[in-house]
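Read through the structure below, which is laid out as structure tokens, and then see the notes.
The values are calculated or read from the model by the stated rules, or taken from the named source; none is laboratory data. Remember, it's a predicted structure, so these values are computed and weren't measured experimentally. Cβ sites come from the backbone with ideal geometry, for glycine too, and all protein chains shown count toward neighbours.
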């Protein structure tokens with residue numbers, strides 16, 4: 001999920017027919033983005049490298065960080081069962097069922113969203129491949145590598161649990177947000 005797609009989907013779903021998709025997208029992006037930034041900081045703390053072309057080979061010496069980073073990267077790609085999938089699916093249905101837009105406008109909106117859905121896996125999977133399976137660090141001694149400790153693992157998993165939980169049971173978020181969002185939108189539409 002890239003920034004363009006997040007902002008585009010948020011503004012397009014501010015219609016009175018389907019606002020919960022935007023709320024779910026914002027919450028999902030908050031959890032997934034926070035977890036990925038935390039894991040990027042953990043990786044930097046271990047490696048002291050900033051550029052992807054300098055990294056590589058982290059999957060074997062750091063399997064816990066690799067596993068959680070991979071799961072959260074897949075959640076960022078809107079993998080089914082994760083919160084991003086439910087949010088994007090609701091946004092697409094919200095756009096398709098809206099009477100506010102003409103057919104050609106709907107086709108253009110869905111086309112632009114599809115471009116974001118295609119480009120996101122390209123750069124996300126390229127980043128995973130370079131960080132964890134790249135060739136640079138296989139030739140260097142890995143004595144300074146150490147995997148995630150209990151503190152980092154606890155933080156990562158406690159952010160991962162809501163991502164999976166919202167993907168499986170999104171009604172939990174809707175029970176809190178739908179009435180309030182509809183009350184706010186009734187003032188404008």
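One table, with the values for the structure above:
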{"item": "Residues within segment 166-189 that are in contact with a helix residue (DSSP H, G or I) (Cβ under 7 Å, 6 or more places away or on another chain) and at pLDDT 90 or above, tallied", "result": "2"}
{"item": "Qualifying residue in segment 11-20 (condition: assigned to a loop (DSSP other than H, G, I, E, B), closer than 16 Å to residue 132 by Cβ and modelled with pLDDT under 80)", "result": "no"}
{"item": "Options 50, 96, 36; residue that is free of Cβ contacts under 8 Å to residues at least 60 places away in the same chain and farther than 23 Å from residue 131 by Cα", "result": "96"}
{"item": "Residue 56 vs. criteria over 23 Å from residue 150 (Cα atoms) and modelled with pLDDT under 90", "result": "yes"}
{"item": "Single residue of segment 32-53 satisfying the filter (in contact with a helix residue (DSSP H, G or I) (Cβ under 7 Å, 6 or more places away or on another chain) and at pLDDT 80 or above) that is nearest to residue 157 (Cα to Cα)", "result": "35"}
{"item": "Count of segment 92-105 residues which are surrounded by 16 or more Cβ atoms within 10 Å (Cβ to Cβ) and part of a helix (DSSP H, G or I)", "result": "3"}
{"item": "Unmet requirement for residue 73, which otherwise passes all of (1) assigned to a helix (DSSP H, G or I); (2) under 19 Å from residue 135 (Cβ atoms)", "result": "(2)"}
